[in-house]
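Worksheet: the structure to be examined is printed underneath.
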Amino acid sequence: MSPHNHGRRHTAVIGLQWGDEGKGKIVDLLTARHDLIVRYNGGANAGHTVVVGSERYAVHLMPAGILYPEKLCVIGNGVVVDPQQLVDEIDALRTRDIHVGDNFRLSDRAHVVMPYHKTHDVALETLLASARAGGGADLSIGTTRRGIGPAYADKVHRCTALRIGDLLDPEYLRSRLEVICEVRSRELAALHIDAPPLDPDDLARECAALGDRLRPHITDTTYLLHDHLRSGSSILFEGANACLLDIDHGTFPFVTSSNCSAAGIPAGTGLPGSCVNDVLGIMKAYSTRVGAGAFPTEQDNEIGDRIRERGNEYGTTTRRPRRCGWLDLVAVRYSAMICGVSGLAVMLLDVLSTIDELRICTHYRLPDGTVTDRFIPDARRLMDVEPVYETLPGWSEELDGSADRSALPTNAQRYLHRIEEIVGAEVKIVSFGPERSQTLVGV
Ligand code: GDP
Ligand code: IMO
Ligand code: MG
């Protein structure tokens with residue numbers, strides 16, 4: 001046991017594909033066994049769904065553990081926070097009688113997503129798409145348009161960035177915005193972006209008002225988390241986005257702008273990475289992707305359409321139809337390796353029922369004919385691989401009533417077993433529907 005975990009179990013929930021694996025459902029499920037639920041990366045590009053009976057909750061910034069009033073939810077320093085979106089989310093939760101009070105803490109060092117970041121995100125995507133029309137490479141990412149990339153870029157630029165703590169000091173905020181608006185206006189003009197002029201007074205007033213709303217929640221979450229670690233609390237880390245979208249380890253440049261793999265935990269919380277005992281890798285029983293970028297096992301055909309309709313594969317954040325395809329285990333094995341998973345949760349297994357034959361990708365064939373079991377985290381080179389499939393028999397039964405793994409159809413059990421063999425990790429959770437009850441735990 002690590003000297004840093006003080007004998008308690010600390011778990012990370014991390015997506016192993018291109019997002020939307022069902023992390024929200026699993027965080028909700030595991031919240032009961034933890035005291036704190038902590039977001040460490042990304043922003044409102046995430047959309048995590050929790051279904052409780054007839055109620056469906058989709059959270060973007062708020063940790064999915066918020067449905068449990070006695071648990072402490074924390075947004076760590078590594079998250080980029082759109083304060084208006086956060087306030088709207090808090091209001092929407094309260095309207096549904098979900099308690100958001102001293103059970104929620106926001107890092108004073110999380111970076112702020114400003115309105116001009118969203119303008120910039122949309123404008124850059126438009127510019128990249130039109131450059132492609134002129135015959136260049138296709139480099140528009142298909143972002144969620146939530147200003148994520150520009151906000152993280154400002155963090156790296158440093159002097160043009162604002163942090164949540166800055167919202168609490170109106171005079172300092174105003175003086176910073178004076179300079180930032182000047183720089184930003186020139187940049188927007190240089191990009192020929194038609195945006196209303198930026199007024200530092202207006203922006204400072206709006207930001208200070210949002211800061212006032214969030215004030216009761218804002219604190220130094222690094223010390224808060226360490227205090228909880230020492231006093232024996234158990235922490236659940238809620239990864240946003242997913243390993244193949246990681247800025248360093250994903251399918252660059254078609255990725256998001258943060259470390260969404262386990263690598264993001266220490267940087268995004270201030271806790272040592274060694275405190276995490278269990279890394280639960282969340283994967284769909286097939287593959288999906290929203291936005292652009294290589295996707296070797298994509299099925300732009302009847303199979304893909306069938307998966308999309310059965311799995312209701314439409315984005316939680318943008319409602320875009322998700323691209324669908326066969327399970328790519330070269331990719332999942334790579335993500336499991338990067339994140340150091342100790343177990344897997346296989347989600348949406350029900351979606352595959354009634355497909356006669358299922359394919360899983362175990363290797364890639366490269367343009368020179370060689371075959372590899374190694375993933376290629378580079379979008380351009382990944383475009384050129386041909387998936388090598390293994391075919392497994394499907395099952396005709398719906399999975400709704402399964403009580404344990406041995407009650408699943410034999411071919412569904414074989415499918416899970418093959419995932420374990422190829423990825424080299426144990427399947428600890430199987431999910432066959434959006435609801436809490438449609439889950440096999442500890443299988
Ligand atoms: P996240 O971003 O990883 O939290 O995933 P999303 O919430 O964006 O997308 C997952 C979708 O699948 C949500 O609509 C869930 O309610 C739904 N879901 C989760 N698990 C299952 C499952 O086992 N079967 C089915 N059919 N739907 C599921
Ligand atoms: P959750 O947490 C699926 C994708 C976008 C785009 C790329 C960059 O719900 O799994 P960004 O707006 O981050 O600059 O977009 O990353 N993307 C996601 N896709 N689920 C997500 O989050 C995603 N977050 C970002 O579609 O291709
Ligand atoms: Mg999602």
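Worth a mention:
- Taking amide H as placed 1.01 Å from N in the peptide plane, Lys284 has its amide H under 5 Å from the amide H of Met347, each at least 5 places away in sequence or on another chain.
- Label positions at Asp201 and Asp88, each projected 7 Å from the Cα along the C-beta direction, are separated by 2.7 nm.
- Each peptide in 244-257, 150-163, 90-103 receives the mean, over its residues, of other Cβ atoms within 10 Å, and ordering these scores from highest gives 244-257, 150-163, 90-103.
- In Hz, Karplus ³J(HN,Hα) per residue of region 287-304 (6.51, -1.76, 1.60; θ = phi - 60°; x = Gly, Pro): 10, 9, 8, 10, x, 7, x, 4, 8, x, 9, 4, 10, 8, 7, 5, 5, x
- Extension gain for Val371-Ser274 works out to 31.4 nm (0.36 nm per residue, less the C-alpha to C-alpha distance).
- Relative contact order computed over region 111-217 (Cα-Cα under 8 Å; 6+ residues apart), in percent: 27
- Prolate/oblate/rounded call for the chain, Cα gyration tensor, a/c under 1.5 rounded: oblate
- Residue-wise HN-Hα couplings along region 56-67, as the Karplus relation 6.51 cos²θ - 1.76 cosθ + 1.60 with θ = phi - 60° gives them from phi, are 10, 10, 10, 9, 10, 9, 5, x, 5, x, 4, 6 Hz; Gly and Pro carry x.
- Relative contact order of the chain, taken over Cα pairs closer than 8 Å and 6 or more residues apart, is 20 percent.
- Between region 305-366 and region 229-265, the C-alpha centres lie 19 angstrom from each other.
- Amide H to amide H, with H built 1.01 Å from N, Gly315 comes under 5 Å of Arg320, Arg322, counting only residues 5 or more places away or on other chains.
- Phe104 long-range amide H proximity, modeled H, under 5 Å: Cys73
- Label point distance in nm, Phe252-Arg414, each placed 7 Å from Cα along Cα→Cβ: 4.1
- For region 92-97, 3J(HN,Hα) per residue [Karplus equation, 6.51 cos²θ - 1.76 cosθ + 1.60, θ = phi - 60°, Hz, x = Gly/Pro]: 5, 5, 5, 4, 9, 6
- Region 284-443: relative contact order as a whole-number percent, Cα under 8 Å and 6+ apart: 24
Throughout, read-outs are computed from the coordinates displayed, never taken from laboratory work. What you see is a predicted model; the values in this text were computed from it and never measured. Heads up, the Cβs are rebuilt from the backbone with ideal geometry, glycines too, and the neighbour counts pull from every protein chain shown.
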